[in-house]
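Engineer: Take a look at the following structure, please.
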Amino acid sequence: MFFARINAIFSKRYIALYYLCFLTHFRDFKLHMENDKQLHQWLDDFKLAHPLVIAGPCSAETEDQVLAVARGLSNSDVSIFRAGIWKPRTRPGGFEGVGAIGLKWLQKAKAETGLLMAVEVANATHVKLALEHDIDVLWIGARTTVNPFAVQEIADALENSDKIVLVKNPVNPDLALWIGGIERIYNAGIRKIGAVHRGFSTYDKSKYRNIPEWQLAIELQSRLPDLPLICDPSHITGRRDMIREVSQQALDLNYDGLMIETHTDPDNAWSDAAQQITPERLKQICRELKIREETTLADDFNFQMAKLRASIDETDTKILELLGNRMKISDRIGVLKKSENISVLQALRWREILVKMIAEGQEKGLSEDFILRLFRAVHQESIAHQEKIING
Ligand code: PEP
Ligand code: MN
């Protein structure tokens, strides 16, 4: 019972966030808004027994297509229908959206299905048109969140609006920029706000279209725990066969909802064809997703958890001890290098360590990606120690 109470007080979400934010490249900065319990209210008002689901095509293409997708999604877990009307394309020549005419199609879809309607807005004109057409949810796309001028223009155009405004993460993994966008919307008097995690561009080869960098979204949760957080597995994966897996990962991290691109004929979609799924597939995914509770009152579970956590804590202390020892050895190497005027960095030696550790890590079931991140951090710390000694 005792553990149950402790668990209830410090819900899994808060504890997990607290731990994780210190594991990541946590950089402190002051928020220009308070975490506000009210931020969750708009989502609570949906009174859902499952995570919020936003679905619809990447782009509105024709009136028939919009209506067909909306009909396919009515009577499902979907509460909000999404469709891009103005499409920010990486290069000119792609389909840039049908423009304002599409808003009329959305109005029809709303009248017929009762679904709330969401569009992407990137400037004040988009906002004005969306408001004139009774759009319920406006989202700021990743290519717009990077630009504070554009976000401010949107915030000003929406001042004190009671529309729901979702802020996608910027294309680059910059938490301050993402929070900055949210703050600009909040400071314009808007209280129905959500964050959409759609992953980040990367130069590295990856199985994702946009790498998730989960720890960054987790850090956002730790700063603003009451801000609804929605995952967009479509833009993270870029592939329809990975949507379910990434959606489940998000729910396991206590995300509040999902935004999933859905089309009646995904292969022939005018944009983002590879990542769209049919309404039938979406409904199947919604059925299959496991929704886990944040806490439980089951004493046995809480007892087992407490034991395992104590064991984790002990192991973590040992890891720190070992790292401390490793740095002491590193310091001695620094003294030695100084005596012979040898450079801090020996690239060949560093590569040797990495190759060896990746192979050893694999034997222990540790991913290459983890070993790389871990040893980069360890190596960085070693260098800092040695630099201090050599220049001391
Ligand atoms: C979209 O949702 O279709 C879109 C353009 O997304 P993002 O801004 O995440 O690229
Ligand atoms: Mn898209």
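Every number in this text was worked out from the coordinates using simple rules, so none of it is lab data. Keep in mind the model is a prediction, meaning the values are calculated, not measured. As a convention, Cβ positions derive from the backbone with ideal geometry for all residues, glycine included, and neighbour counts pool all protein chains shown.
Engineer: Counting other Cβ atoms within 10 Å, which chymotrypsin sites (Phe, Trp or Tyr not before Pro) in the stretch 178-214 have at most 13 and lie in a DSSP loop?
Structural biologist: Numbers: sites: TRP178, TYR186, PHE200, TYR203, TYR208, TRP214; in loops: TYR203, TYR208.
The qualifying sites are TYR203.
Engineer: What is the distance in Å between the Cα centres of the stretch 99-166 and the stretch 257-319?
Structural biologist: 28 Å
Engineer: Arranged by the count of other C-beta atoms within 10 angstrom, fewest first, what order do CYS231, CYS58, CYS286 take?
Structural biologist: Listing CYS231, CYS58, CYS286 from fewest to most nearby Cβ atoms yields CYS286, CYS58, CYS231.
Engineer: Then there is this: Quickly work out the ARG239-to-THR315 label distance, labels modelled 7 Å from Cα along the C-beta direction, and quote it in nm with one decimal.
Structural biologist: Here the modelled spin labels are 2.9 nm apart.
Engineer: Per-residue ellipticity at 222 nm for the chain, helices alone: DSSP H runs ≥ 4 residues times -39500 (n - 2.57), over residue total, nearest 500 deg cm²/dmol?
Structural biologist: -16000 deg cm²/dmol
Engineer: How large is log10 I(q)/I(0) at q = 0.15 Å⁻¹ when the Debye formula is applied to the Cα atoms of the chain, each weighted equally and without solvent?
Structural biologist: -1.35
Engineer: In nm, to one decimal, how far is the GLU34 label point from the ASN268 one, both placed 7 Å along Cα→Cβ?
Structural biologist: A separation of 5.5 nm, rounded to one decimal place.
Engineer: Once you charge only the Cβ atoms, +1 for Lys and Arg and -1 for Asp and Glu, what is the size of the charge dipole of the chain about its Cα centre, to the nearest 20 debye?
Structural biologist: In debye, rounded to 20, the chain gives about 900.
Engineer: I would also like to ask the following. Of all DSSP beta bridges in the chain, what percent run antiparallel (nearest 5)?
Structural biologist: Counting DSSP beta bridges with both partners in the chain, the antiparallel share is about 5 percent.
Engineer: Just in the stretch 88-169: which GluC sites (Glu not before Pro) are loop by DSSP and have at most 12 other Cβ atoms within 10 Å?
Structural biologist: Sparse-neighbourhood loop GluC sites (Glu not before Pro): GLU159.
Engineer: Note down the relative contact order for the stretch 11-288 as a percent, whole number, built from C-alpha pairs under 8 angstrom at least six residues apart.
Structural biologist: Answer for the stretch 11-288 is 21 percent.
Engineer: A further question follows. Per 0.36 nm of contour for each residue apart, how much would the distance between LYS337 and LEU372 grow if the chain were fully extended, relative to their Cα-Cα spacing?
Structural biologist: Between LYS337 and LEU372, full extension yields an extra 10.1 nm.
Engineer: Here's another thing I want to ask about it. Full-extension gain between ASN172 and ASP64, please, as 0.36 nm times their residue separation minus the C-alpha to C-alpha distance.
Structural biologist: So the extension gain works out to 35.3 nm.
Engineer: Helix 63-73 versus the longest principal axis of the chain: what is the Cα-based angle in degrees, 0 to 90, to the nearest 10?
Structural biologist: Orientation of helix 63-73: about 60 degrees from the principal axis.
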